[in-house]
1. Principal axes first, then extents: for the Cα atoms of the range 1-160, list largest minus smallest coordinate on each axis, whole Å, largest first.
2. Note down the nm distance, to one decimal, between modelled labels 7 Å out along Cα→Cβ at A219 and at A314.
3. Please report the base-10 log of the normalised intensity I(q)/I(0) for the range 121-276, using a Debye sum with one equal scatterer per alpha carbon and no solvent, at each q in 0.09, 0.12, 0.18 (1/Å).
4. Springs between alpha-carbon atoms under 10 Å, Gaussian network over the chain: tell me which of D341, D370, D234 tops the mean-square fluctuations.
5. How much accessible area per residue does the range 74-166 have, counting only protein heavy atoms and a probe of 1.4 Å, in square angstrom?
6. Once each part is reduced to its C-alpha centroid, what is the distance from the range 1-46 to the range 246-312 in angstrom?
7. Can you pull the semi-axes for the chain, root of five times each eigenvalue of the Cα gyration tensor, sorted largest first, whole Å?
8. In square nanometres, what is one fourth of the surface area of the convex hull spanned by the alpha carbons of the range 290-388?
Amino acid sequence: MPIVNRVAAMHDDIKAWRRDLHAHPELLFDVHRTAWTVAEKLKAFGCDEVVTGIGRTGVVGVIQGSKAAPAAGASRKVVGLRADMDALPIEEASDLPYKSTVPGKMHACGHDGHSAMLLGAARYLAETRNFAGTAVVIFQPAEEGGGGGRAMVQEGLMERFRIDEVYGMHNYPGLAVGQFAIRPGPQMAAADRITIEIEGKGGHAARPHVSVDTVLVGAQMVNQIQSIVARNVDPLAAAVVSICTFQAGSTDNVIPQTALLRGTARSLTPQVRDLLERRIAEVVEGTARLYGAKAKLTYKRDYPVTRNHETQTAFAAAVAAEVVGRERVDTDVPPVMGAEDFSFMLEARPGAFIFVGNGDSAGLHHPAYDFNDEAIPIGTSYWVRLVETALAA
Ligand SMILES: [Zn+2]
Ligand SMILES: [Zn+2]
């Protein structure tokens, strides 16, 4: 496996950074210690520019290659590499020596590993500068539902650093360490938020005929909404609707006046996304009317589809193959219905998002999950080879 030698030599350092981040998890945009740690390291590595506070707590490092551009007068290409920094509101269930020191928070999605690997790549690239052009390392906050990637793009990340292409990476439990997986087109889903507020007529549990029972109305809605995926979406397309919150009532002899449902709608194409939004609205309105209740649906389009661009995907797969061998890169991984706000960066610039094997670990967002430090040389080598290849003289 041609792991870059210098990267292999940095393994212990990167592992130590990763474990330090793991022990100090922070949520959403409140990643102040993490962002500070990242920025201080980027400065120490000798990045040409380190900018903080983009997308509130995002950090960007700029590293200029020392080689001349391929053609005299040609503009220098700029490649962006992105990692995420935030953790999750989960109580860590492990006895690791570097276990979370913060009650109720943990790095259960491996963003500690992503940030550490990109720091390792930044250190190598700033040391060697064996490329023509500019590498921009992007550390974003609030991937877990806060839209930190969107915030950075909205604040002009791409224009300010003149980024031409952008690449992302996520660890993947169940995929062996030393393997990569990617696909062109939709790789992860669009994720929209559903909130349904139902208003009926509360009353005595023994007198339902003079009430409008919001528990019954809500239960019917949960059922009817499932018919959308079963009976409206093309069976060969992908869709998920999960109602995950049902709040109503507080005792056993009162029909509650109101009920609240919340959930998520996932899709891989604009057509299915439109269909879900339209049909959920129809089902909510129709069901409420059927029972004489009122219902207010708030359908919030959140993260878009993570759509890999064809040329950059082929390029990313070729770089991964150079690191681990062609037979260890799955270039046709099935899409997953999880969502990623790297999608906002892929809407702004061409690029690709790749999965790197995390081995036989607990799943993402599980209290016993841990990023696999054996993946560090692989992910870091991928980053540095990607820059040296994309920006070869
Ligand atoms: Zn996550
Ligand atoms: Zn994640």
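The values are calculated or read from the model by the stated rules, or taken from the named source; none is laboratory data. Since this is a predicted model, take the numbers as computed values, not measurements. Cβ: placed from backbone, ideal geometry, glycine included. Neighbour counts: every protein chain shown. To get the accessible areas, we keep the full protein, side chains included, count just its heavy atoms, and leave off ligands, DNA and RNA. Shrake-Rupley method; radii C 1.70, N 1.55, O 1.52, S 1.80 Å.
1. Principal extents (Cα only, largest first): 56, 38, 26 Å.
2. 5.6
3. -0.55, -0.80, -1.19
4. Comparing D341, D370, D234 in the GNM, the peak value goes to D234.
5. Each residue of the range 74-166 exposes 31 Å² on average to a 1.4 Å probe.
6. The range 1-46 and the range 246-312 have Cα centres separated by 39 Å.
7. 44, 22, 19
8. If I average the Cα hull's projected area over directions, I get 10.4 nm².
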